[in-house]
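A quick write-up on the structure given underneath.
The values are calculated or read from the model by the stated rules, or taken from the named source; none is laboratory data. Here the structure is a predicted model, which is why all the values come from computation and not from measurement. Quick reminder, even Gly has a Cβ in these numbers, built from the backbone with ideal geometry, and neighbours come from all protein chains shown. For accessibility, only protein heavy atoms count, side chains too; no ligands or nucleic acids. Shrake-Rupley method; radii C 1.70, N 1.55, O 1.52, S 1.80 Å.
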Amino acid sequence: MSDNIIQLNEQVIKTELKNLVKQSVEETLNSLLDQEAADLTNASKYERTDRRKGYRSGHYTRNLQTTSGNITLKVPKLKGISFETAIIERYRRRESSVEEALIEMYLAGVSVRRVEDITEALWGSKVSPGTISNLNKKAYGNIETWRNRPLPSEEYPYVFLDGIYLKRSWGGEFENVAILVAIAVNQDGFREVVGAAEGMKEDKEGWKSFLVSLRNRGLRGVRLMVGDKCQAMCDSVTEVFPETKYQRCSVHFFRNIFSVVPRKHGKEVGRMLKAIHAQEDKAAALEKTELVAKKLRMMKLKKAADKLLDGIAETLTYMDFPEEHWK
């Protein structure tokens with residue numbers, strides 16, 4: 001395993017999304033070009049009709065630089081009628097992008113008819129609800145393919161787990177929806193989003209189902225899982241990955257202690273807690289914990305001292321691993 005484990009690549013999540021969106025953008029624009037050709041010829045591909053104004057003659061490719069990278073467009077060639085698409089130039093001139101429209105549709109739960117306004121802002125003309133619906137199906141398909149993709153055959157020694165809540169629009173009403181997320185560190189030391197499940201609850205059934213899906217997709221070699229003090233998650237980790245150690249997130253732990261610390265003591269207590277995790281090894285950290293707890297009691301912060309002693313060991317599991325990996 002590389003000694004440079006935990007080389008934080010803070011762009012990893014954005015990169016994953018950008019690659020996903022890039023594919024969706026390419027399919028979106030090519031579908032719109034195809035629809036524009038159908039409108040000009042007044043007929044679909046291979047359709048025989050007296051109303052036809054021209055005929056297709058294949059296509060040619062051209063590149064288009066977008067904020068998600070370079071994409072390949074398949075521009076239709078027509079016989080009997082000129083094909084001058086306005087979509088590409090309108091796309092170039094707009095500050096808004098197709099990516100932003102797709103992301104807004106997906107995250108905000110915007111209705112198909114309301115998306116017409118977005119497409120009008122992007123291209124200067126509205127796209128039919130049927131076309132938008134078909135494009136959205138492709139986008140959702142790409143997302144599901146990414147979520148269910150087999151993981152590489154390498155090992156992922158460290159995995160971070162968390163459940164976050166986002167507001168989503170369902171039938172015109174906004175509700176909180178739980179998203180279970182797993183970010184793993186691969187053997188090259190870089191973080192990779194390996195799983196995300198929408199609509200799951202942070203209960204035993206939800207976490208177990210999520211972890212089982214990760215294991216079935218190829219998540220293996222996990223030596224340490226990091227998360228908050230969610231009992232359902234902890235129990236599920238023990239059941240699904242029994243060989244894996246658990247590390248409680250120190251940030252969540254500190255917040256739990258600060259909940260019983262008066263604001264006037266906040267900075268001083270913060271320095272004391274940080275000093276524990278700054279020790280050279282676990283034995284020294286536990287020794288420092290006793291001194292900090294004693295000082296907290298002298299400051300008449302008994303509840304904070306009790307919380308510290310009860311939970312500190314769960315935040316020091318990482319010290320069982322190579323020091324160069326601690327960061």
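Couple of notes before you dig in:
- For ILE179, solvent-accessible area (1.4 Å; no DNA, RNA or ligand), Å²: 30
- Accessible surface comparison of HIS59, HIS277, probe 1.4 Å, protein chains only, largest first: the order is HIS59, HIS277.
- The local environment of LYS167, defined by Cβ-Cβ distances under 12 Å, has a net charge of -1 under the rule Lys, Arg +1 and Asp, Glu -1.
- Sulfur and carbon atoms: percent of accessible area, the stretch 249-326 [1.4 Å]: 53
- Solvent-accessible area, 1.4 Å probe, carbon plus sulfur percent, for the stretch 154-247: 51
- Using a probe of 1.4 angstrom and keeping all protein chains present, the accessible surface of the stretch 249-326 works out to 61 square angstrom per residue.
- Dividing the Cα radius of gyration of the stretch 244-313 by its Kirkwood radius returns 0.95 for Rg/Rh.
- Prolate/oblate/rounded label for the stretch 164-267 (Cα gyration tensor, a/c 1.5): oblate
- Solvent-accessible area per residue, Å², over the stretch 154-247 with all protein chains present [probe radius 1.4 Å]: 47
- Net charge of neighbours whose Cβ lies under 13 Å from the Cβ of LYS288, counting Lys and Arg as +1 and Asp and Glu as -1: +1
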